[in-house]
Amino acid sequence: SLLNFSACHDGIGLRPLEGLMPPERVHELLVACERRGGLVSHRRLASGKESPYEINISWWSAMADGGVDPSHLQLQRFLLSQLLVMALPGVPAFYLPALVAAANDMKQFRSTGHRRDLNRPKFQAERLERQLADPDQPASKILKQLQAAMELRSQRPAMDPEAPMELLSSDRSDVVILKRGTQSQALWAVHNFSNRRLSFPLAKRLQLPTDTAKLSWSDALSGSTIGGPYLELEPFAVHWLELG
């Protein structure tokens with residue numbers, strides 16, 4: 001099985017983007033991360049030219065908003081990124097500093113000069129325990145929601161590491177819809193990658209027969225029922241949809 005993860009003790013690798021993302025978009029990504037306190041490491045090519053190799057930044061800091069309030073929708077962006085990892089075929093993995101919302105460790109970086117130390121924090125046990133015990137802290141919210149999602153994932157054959165996956169949103173850049181599993185055990189993971197509210201007809205977007213629009217849908221993540229033929233998506237929202 002594949003091992004899927006977003007953050008690790010090294011930087012965010014850029015090599016997998018080669019040939020997939022236009023250089024202009026890569027440049028925008030690098031600038032956005034630098035504005036959030038990150039650094040860009042380069043490698044020297046055979047030609048002598050330097051090419052971006054990885055972004056050194058904590059995953060939590062990378063999810064910050066680029067506006068006046070960095071925390072605006074930061075938690076929602078972070079949860080979306082981890083729930084997407086869970087929805088993919090294979091086995092999800094998580095980096096502890098990311099799970100507890102560790103920001104860029106500027107103190108450690110200034111001390112060592114090593115760029116990767118921005119994302120290699122050292123924790124004080126008592127302080128971390130206080131954060132996890134406080135329901136208003138991002139670390140507490142993240143662990144609570146991801147633990148619940150992992151439990152739901154383990155109960156669904158559609159989320160088996162070897163279950164088939166189909167991408168249903170290749171025509172859009174603001175939404176990622178993954179169909180996992182088959183027939184009555186299928187699950188549709190819907191991700192809003194924009195900061196806008198979105199709405200679309202379920203049957204059409206999920207590529208189902210028109211008569212299924214009359215059936216009831218449930219969201220495994222929230223435990224709620226979807227009423228009506230349309231799905232309303234909040235900014236950076238994630239839904240795990242099931243029929244019946």
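Yes/no matrix, rows are residues, columns are (1) farther than 18 Å from residue 87 by Cβ; (2) out of contact with any Phe, Trp or Tyr (no Cβ under 8 Å at 6 or more places or on another chain):
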| residue | (1), (2) |
| --- | --- |
| 166 | no, yes |
| 171 | yes, yes |
| 188 | no, no |
| 219 | no, no |
| 223 | no, yes |
| 237 | no, yes |
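Restricting 122, 107 to those that are exposed (fewer than 13 other Cβ atoms within 10 Å of the Cβ) and assigned to a helix (DSSP H, G or I) reduces the list to 107. The residues of segment 41-62 that are in contact with a Gly (Cβ under 9 Å, 6 or more places away or on another chain) and either farther than 28 Å from residue 75 by Cβ or outside any loop (DSSP other than H, G, I, E, B) (or both), listed by number, are 41, 53, 54, 55, 56, 61, 62.
Counting only residues that are farther than 20 Å from residue 86 by Cα and either of a type in the set (Ser, Thr, Tyr) or surrounded by 10 or more Cβ atoms within 10 Å (Cβ to Cβ) (or both), how many does segment 1-21 have? Spell out the reasoning first.
First pass over segment 1-21, keeping only residues farther than 20 Å from residue 86 by Cα: 10-11, 14-15, 17-21.
Cutting the leftovers down to either of a type in the set (Ser, Thr, Tyr) or surrounded by 10 or more Cβ atoms within 10 Å (Cβ to Cβ) (or both) gives us 10-11, 14-15, 17-18, 21.
Counting residues in segment 1-21 that are farther than 20 Å from residue 86 by Cα and either of a type in the set (Ser, Thr, Tyr) or surrounded by 10 or more Cβ atoms within 10 Å (Cβ to Cβ) (or both) gives 7.
The condition (being in contact with a strand residue (DSSP E or B) (Cβ under 8 Å, 6 or more places away or on another chain) and farther than 25 Å from residue 77 by Cβ) is satisfied by just one residue among 186, 237, 203: 186. Here is a check on your reading of the model: is residue 179 surrounded by 14 or more Cβ atoms within 10 Å (Cβ to Cβ), closer than 17 Å to residue 76 by Cα and in contact with a Leu (Cβ under 9 Å, 6 or more places away or on another chain)? So residue 179 does not fit the description; no.
Quick grid of which residues meet (1) under 23 Å from residue 231 (Cβ atoms); (2) in the same structural domain as residue 108 (by TED's automatic domain parsing); (3) modelled with pLDDT of 95 or more:
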position: 135; (1), (2), (3): no, yes, yes
position: 138; (1), (2), (3): no, yes, yes
position: 163; (1), (2), (3): yes, no, yes
position: 183; (1), (2), (3): yes, no, no
position: 201; (1), (2), (3): yes, no, no
position: 207; (1), (2), (3): yes, no, no
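Would you check which residues across segment 61-104 are in contact (Cβ under 8 Å) with a residue 24 or more places away in the chain, under 15 Å from residue 35 (Cβ atoms) and among the hydrophobic types (A, V, I, L, M, F, W, C) and list them? Correct list: 62, 64, 103.
Close Cβ contacts (under 8 Å, 6 or more residues apart or on different chains) running from residues in segment 178-197 that are part of a helix (DSSP H, G or I) to residues that are at pLDDT 95 or above comprise 185/156; 185/157; 185/158.
Residue 97 passes every criterion in (1) assigned to a helix (DSSP H, G or I); (2) under 24 Å from residue 23 (Cα atoms) apart from (2).
The values are calculated or read from the model by the stated rules, or taken from the named source; none is laboratory data. Please read these numbers as outputs of a predicted model, since none were measured by experiment. Using ideal geometry, Cβ is built from the backbone for each residue, glycine included, and neighbour counts are taken over all protein chains shown.
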